[in-house]
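**Student:** Here it is: the structure, laid out below.
Taken together, the values in this text are just the output of simple stated rules run on the coordinates, not laboratory data. On a predicted model such as this, the values are computed, not experimentally measured, just so you know. Virtual Cβ from ideal backbone geometry, glycine too; neighbours counted across all protein chains shown.
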Amino acid sequence: MVPPMRDAVQARGLTHLCVWANQKGAKDKAVEIGAYAGEGTVILANHFKEVTSVDPWINGYDGGDVASFQAPMKWVFNAWKKRTEAFPNIRCSRTTSKDAAVHFEDGSLDFVYVDGDHRHEAVVASLENPHGSSGAPMKPVFSFPSPSRS
């Protein structure tokens, strides 16, 4: 069994973020960096015409994040597939954000949600990653957690 990643409060928070982004005009293409078992993927799919989930689903990516070792990632990926199978607007890129970025045309994304590897250097790398084929940054980009060090 794969433990849930989001509680009801976190799910509402992501839903509110999506509603806000939709109100600002971001409605078409979204990319989710870090999908885990798909709870967030489904929320995004309910607010965007097309969602691409980017996640390599590899155990041990962060010794400080329980999600990286609490269940075999094979199980987690299977849970993601089961949870998202009813959504024809969801696509999967089973790779890192750096490797996936080259597959997106500049200006093609409305929304990038970064919730993958939570180590400071990984979040900063995802935010610095161009998310586009020629190096132009995509917008808007949201990350969880913030890349600032506390």
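**Student:** Using a cut-off of 18 Å between alpha-carbon atoms, which lysines can reach Lys74, once sequence neighbours fewer than 8 places away in the same chain are excluded?
**Tutor:** Here the lysines satisfying the reach criterion relative to Lys74 are Lys82.
**Student:** Please order Thr96, Thr41 by the number of other Cβ within 10 Å, starting at the fewest. Display every interim value, and only then the final one.
**Tutor:** Working: Thr96 20, Thr41 25.
Starting with the residue having the fewest Cβ neighbours, the order is Thr96, Thr41.
**Student:** For region 14-131, treating each Cα as an identical point scatterer without solvent, what Debye log10 I(q)/I(0) comes out at q = 0.09 1/Å?
**Tutor:** The Debye formula, applied to the Cα set alone, gives -0.22.
**Student:** Could you please rank Val124, Val114, placing first whichever residue has the fewest other Cβ atoms within 10 Å of its Cβ? Walk me through the numbers on the way to the answer.
**Tutor:** On the way: Val124 14, Val114 25.
Fewest-to-most ranking of Val124, Val114: Val124, Val114.
**Student:** Note the full-extension length gain between Arg12 and Arg91 as 0.36 nm times their separation in residues minus their Cα-Cα distance, in nm to one decimal.
**Tutor:** Numbers: separation 79, 0.36 × 79 = 28.44 nm, distance 2.28 nm.
Extra length from Arg12 to Arg91 when fully extended: 26.2 nm.
**Student:** List the lysines whose Cα lies under 19 Å from the Cα of Lys29, skipping any in the same chain that are fewer than 8 positions away.
**Tutor:** Lys49, Lys98, Lys139
**Student:** Using 0.36 nm per residue of separation minus the Cα-Cα distance, give me the extension gain between Trp20 and Val102 in nm, one decimal.
**Tutor:** Details: separation 82, 0.36 × 82 = 29.52 nm, distance 2.74 nm.
Net length gain for the segment: 26.8 nm.
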